[in-house]
Amino acid sequence: AESASTENTESAAKSTAAAAPKDGEEEEAPVIPAKVVIVGGGPASYAAMKQIVTLNPDTEIIYVTAEEHVPSDPSSLSKELLWQRDLELSADLKYKNADGTISSTEYPSSIFTHPSSKVKLLTGRTAIDLDPGRHIVTLDDGTQYKYEKCLLSTGLTPHTLDVSIPAESAAHVT
């Protein structure tokens with residue numbers, strides 16, 4: 001029993017020494033454990049996150065999006081705001097439904113902000129490295145998450161059309 005205890009102590013000492021930074025080296029950022037990491041703020045990642053929460057509300061999810069705010073539903077952006085006549089509502093990414101109620105193009109923030117929510121929303125962040133062998137995703141701020149499951153759903157960048165837009169319409173086109 002004594003030799004097993006000695007082996008454990010020696011093993012712990014070796015791993016501590018291996019983890020300690022050498023002179024002149026920066027200390028590595030800690031790796032944060034995460035059950036699920038979702039990278040991307042589009043409809044596929046949002047639908048996947050909602051399904052995970054529905055099936056297992058206790059699953060801790062790290063939801064990473066480059067957007068600076070709660071992600072928006074692109075179908076509402078293109079369909080509802082396109083015909084919106086109320087520019088003040090449009091500026092806030094809101095629209096009036098056929099029944100007169102006001103809706104937002106942003107996904108409901110309650111799934112991220114409710115006290116019982118296990119979803120952590122990280123806005124303004126991008127994944128810069130993925131190590132599938134070690135199950136680690138690194139974000140642009142250096143934060144690392146060790147995941148059990150990871151969904152990469154980064155979507156695409158829309159192409160800009162090379163068309164001339166009349167001056168009176170330019171303020172309404174992005």
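Annotations for the structure displayed:
- Residue match in region 71-82 (condition: of a type outside the set (Lys, Arg), open to solvent by 90 Å² or more (accessible area, probe 1.4 Å), modelled with pLDDT under 70 and out of contact with any strand residue (DSSP E or B) (no Cβ under 8 Å at 6 or more places or on another chain)): yes
- Residue in region 51-60 that is open to solvent by less than 40 Å² (accessible area, probe 1.4 Å), closer than 19 Å to Lys149 by Cα and out of contact with any strand residue (DSSP E or B) (no Cβ under 7 Å at 6 or more places or on another chain) present: no
- In the set Leu139, Leu152, only one residue is within 14 Å of Tyr63 (Cβ to Cβ) and modelled with pLDDT of 95 or more; that residue is Leu139.
- Residues that are among the polar types (S, T, N, Q) and open to solvent by 50 Å² or more (accessible area, probe 1.4 Å) within region 94-103 comprise just one, Thr101.
- Only one of Pro108, Pro71 that is closer than 20 Å to Tyr46 by Cβ and in contact with a Ser or Thr (Cβ under 6 Å, 6 or more places away or on another chain): Pro71
- Residue in region 115-124 that is β-branched (Val, Ile, Thr), more than 29 Å from Ala170 (Cβ to Cβ), in contact (Cβ under 8 Å) with a residue 12 or more places away in the chain and open to solvent by less than 50 Å² (accessible area, probe 1.4 Å) present: yes
The values are calculated or read from the model by the stated rules, or taken from the named source; none is laboratory data. The structure presented is a predicted model; accordingly, all values stated were derived computationally and were not measured. Cβ coordinates were reconstructed from backbone atoms using ideal geometry, including for glycine residues, and neighbour counts include every protein chain displayed. What goes into the accessible areas is simple: the full protein's heavy atoms, side chains included, and nothing from ligands, DNA or RNA. Shrake-Rupley method; radii C 1.70, N 1.55, O 1.52, S 1.80 Å.
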